[in-house]
1. Suppose we keep only residues that are modelled with pLDDT of 85 or more and outside any helix (DSSP H, G or I) within the range B:806-859. Which one would you say is surrounded by the most Cβ atoms within 10 Å (Cβ to Cβ)?
2. Any residue that is touching a strand residue (DSSP E or B) at 6+ places or on another chain (Cβ under 8 Å) and either part of a loop (DSSP other than H, G, I, E, B) or more than 9 Å from chain B (Cβ to nearest Cβ) (or both) - is there at least one of those in the range A:134-145?
3. Based on what the data block shows, is residue B:693 buried (at least 16 other Cβ atoms within 10 Å of the Cβ), modelled with pLDDT of 85 or more, in contact with a helix residue (DSSP H, G or I) (Cβ under 8 Å, 6 or more places away or on another chain) and in a strand (DSSP E or B)?
4. When the residues of the range B:154-189 are filtered to those that are modelled with pLDDT of 90 or more and over 19 Å from residue B:453 (Cα atoms), which remaining residue is surrounded by the most Cβ atoms within 10 Å (Cβ to Cβ)?
5. Just checking: which of the helices (runs of 4 or more DSSP H) contained wholly in the range A:42-122 hold 3 or more residues that are facing chain B (nearest Cβ under 8 Å) and surrounded by fewer than 20 Cβ atoms within 10 Å (Cβ to Cβ)?
6. Residues of the range A:200-220 being in contact with a helix residue (DSSP H, G or I) (Cβ under 9 Å, 6 or more places away or on another chain) and assigned to a helix (DSSP H, G or I), which ones?
7. Take residue A:21 and decide whether it is assigned to a strand (DSSP E or B), crowded, with 21+ Cβ neighbours inside 10 Å, within 14 Å of chain B (Cβ to nearest Cβ) and touching a strand residue (DSSP E or B) at 6+ places or on another chain (Cβ under 7 Å).
8. Any idea which of B:457, B:452 is at pLDDT 90 or above and surrounded by fewer than 23 Cβ atoms within 10 Å (Cβ to Cβ)?
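The values are calculated or read from the model by the stated rules, or taken from the named source; none is laboratory data. Predicted model only: the values in this text are computed from it and were never measured. Neighbour counts run over all protein chains shown; Cβ positions are idealised from the backbone, glycine included.
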């Protein structure tokens, strides 16, 4: 298993405002798999993603990535962990506004000793012709492609995507999902995608459904639908 | 990565060019002023010391009642001291100014020519440069002195009149009214013969100790020198001597006559006694003749009587001799009759004319260096507000970069880069301009316009380069490091979510007020940091402003007080007072003593007057220990009624302690008043002694009797000089402070607007109008500016009032720094006006915020 969580718990607040968001989550994901975490608002899916990404700290339990325990690591070590292993994609692209597409990607290129080839990545993501544009000159989909390229350039072993299509229209969402699919196939990147979108579960290897901080469903897709054929996005 | 991020720095700079340019310009201006000010100070300090060495500047000078004789000069030479006579005469020139004429110097305080040459030819005169500047005199011009015409052969300086005060008790240099000139010895002697000088010749000697004696040792030698009255040719002196010290000499001569006469009497009686013995022997032969028995008895009686008388006269002679000896000893002990009595001994370090420029600029240097650091910290903090604003704006980007593994220190370096580079580049430009000959010479204008110093070549001290170039980026790095680190310390998730920690101070519950007021208060609480920056920017600007305003009020008060308090029209200071006080004159007795304050020995005149003197409201009463002090003395030395006042007589190494009994409303001079009779007693003077006469019109007094004659008009002109001299500095500092405040306030308010751009955009979406938005976002700032002004004005005034005595420690004047109410009101109004001036620019910024902005940000 590439990713394993065991009885991960996380709560916020105290007294009257106390809320247990994760109530002992235990999941595992194979290397190179695409996995979707679904659930309603407040189910804990983003919190689980953030705990796996080392952005949030779990109260208890264990999270192992590639066999290494990340719970209990210091902020400095967590930063190293993210630097060496992870790529992040968020709903809002969070690009540096006054850097071009190429430069935004280059920001992360330097974080890895063996980054992917920039021109190839630009080509794969269809950004070659936009590489010298600033984020404000791009559409939402193009900005998200840029964010994906930025996350991928350092060739991460694990790509964490928090609502990657949340801010996009249906056609653009499909394009992005096709792209993720292609990246997964080409670079064998393990992907964890948090989404509200019910259709996305059809294109991935594994589906985890959370409700009230607990796993309600956790299954593997027997028959994957290619992203290009997804409906109701 | 840094390489890539650096690309955005340039873009960030371009996007906010106006903001950074304004700030950079202020830093350039600030560093230019500070560096040029300090470089000018260093140039003056070092170069004037060099010039002093080159011109053989005196170690000190002393003033004698009459010239030294050859024996005394030889004694001083044997002691290894170099002495040179710097006698002088003061002449009134056609335009009413006074020129002090010396014979050219050979050994000490040599003249240095800026233009022309030293006096060599007959009827050549070398003039001091400041006097020439004020009177448009050039080389080859002609000038009439004491009805003799001279050609100006050269213009330059001497180190003993670097600050060309006419009198050491003057509080300001006025080169329109006074200057110095140097002629050949022959011309000087010829001038003296004209008897046209304003006063008698002053016998001043300059000395160089040559490391052989100390000032104190030399003074002790001089105090022992005695001169004979016959050596002094001055007729006024002889007349004065006959009435004073001469009387004592006559008395001593009488004592000698009495002693001699009694000795003669004793001698005569002894001779008679001897003759009486012969007569007795003859009478003894008559013993055999009974008829002469009676005669013999008579002779015996006579000779015995003569013997007794002889014995008595010898005793009388011994007694008178002893009495005479003891009387003379007592007189010598109790009456100072030595003609060599030192009238003044002034070591160079106590002479306000010498090294004055260096003393003056030393304050500029220290204040400049300190103000420079404060200025840079202020601007560095202003930049940090921008950076913090940028970080908050880019919070999600930063969080994402953290999530991707970018380290905090990498972003810290990135965000530090711009403040450091702006301050570094601005520092370099400011320093280069300030350090250039143009910058330094511009700052030195003040020195050249007041002091009489040679043209100095600009000195470049390496430490100033380090200060000007490295201090700004270092200060910016430190200030921003602290502020930025705190902002970047947040966890990645918190940054991505744009979580804002709300301090408890912002969570206060507001009393029921209208919506607008509540909104304004909430906005203010949110923008507390920028509000504080406005406050500190205003405080700093006001501190700079207060330097100039205090300078202005000080000069104005000196001028007004001088006009108000100088009630006499003429003041005559005597060297040889006449037997009677001139008709219509009010006698006084003045003694110049010293009192130290903040390292400076200032002259204080102890003035003995009669109660009811019409020119001073000083109800003096008897008692040697009781004095009244002028307001100038009270403020300069911080004295109050009941305090002890100790004044030092430097010439005689004596100190006088007094009790302050009250303050006299007199600010025009450093005067201490006491009853004239008490002062006479204290100083062992005759009961009718005086040396100053005040009058309400010009009196007919021979100039040969006088040290100085000054009129109310001259005193007032001298007071006007203060304002005139300081005006350019007052204007410059006021303008700089206004600019600092305006830029800091504008930049901070603009940051406030930028931070609220989304909310403003949202309000526009809701349908708010420009006026309403202005009311919500800008009008609330008026309260910040107004409250900051209400706090900053008194605080900056109090701080500068406390510091000001140190800035003007060498100025002997009443430190009246009181502002009238309209000045406070004017200052407050000026601040509010500056605030309103920045409003249209801020409104333009608000108008540029589109309703779509909020949608764009949330896209």
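1. In this case the residue turns out to be B:817.
2. Checked the range A:134-145: at least one residue is touching a strand residue (DSSP E or B) at 6+ places or on another chain (Cβ under 8 Å) and either part of a loop (DSSP other than H, G, I, E, B) or more than 9 Å from chain B (Cβ to nearest Cβ) (or both).
3. no
4. Among residues in the range B:154-189 that are modelled with pLDDT of 90 or more and over 19 Å from residue B:453 (Cα atoms), the one surrounded by the most Cβ atoms within 10 Å (Cβ to Cβ) is B:183.
5. A:75-85
6. Correct list: A:200, A:202, A:203.
7. Details: assigned to a strand (DSSP E or B): yes; crowded, with 21+ Cβ neighbours inside 10 Å: yes; within 14 Å of chain B (Cβ to nearest Cβ): yes; touching a strand residue (DSSP E or B) at 6+ places or on another chain (Cβ under 7 Å): yes.
In short, yes.
8. Working: B:452 fails: surrounded by fewer than 23 Cβ atoms within 10 Å (Cβ to Cβ).
Just a single option satisfies the conditions, and that option is B:457.
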